[in-house]
1. What ³J(HN,Hα) values, in whole Hz, does the Karplus curve 6.51 cos²θ - 1.76 cosθ + 1.60 give for the range 27-44 when θ = phi - 60°, with x put for Gly and Pro?
2. Using alpha carbon coordinates only, what is the Rg to Rh ratio of the range 6-58, with Rh defined as the Kirkwood radius?
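Laboratory data are not the source of any read-out in this text; all were calculated from the coordinates shown. These numbers come from a predicted model, not from an experiment.
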Amino acid sequence: MTLKGDAERLKQVWHYIMTNQDRYRYVIAEENGKILSTYNIVIDPNLPRAARPYSVIDNVITHPEARRRGFSRAVDYTHSL
C-alpha cells in the first residue's frame, strides 16, 4: 500500500497530528508487525454544551486480508481517549 500525494505534505500533516495529540489520536491493531486495522479519533473542544469536548471516530480501515476477524468489534474505543 502506498500513500498518494506529495510526500513532504504528508510528513507535515503527520507531524501536525503527532504534535497535537490533545486533538488527534490514531489507534492501530497489528499482528506480527503488520498493521491490520486502524482508526483515528478527532477531539473537538466544543464551545457549546458547557465547553465539554466530544470526539468523532473516523476512518476505521481494515486490511482486506484481515476483515471479518473482529478487529472493529474488539477495539475499546473509550480506552483510546
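1. 10, 10, 10, 9, 9, 6, x, 9, 6, 9, 8, 8, 8, 10, 10, 10, 9, 9
2. Here Rg/Rh amounts to 1.09.
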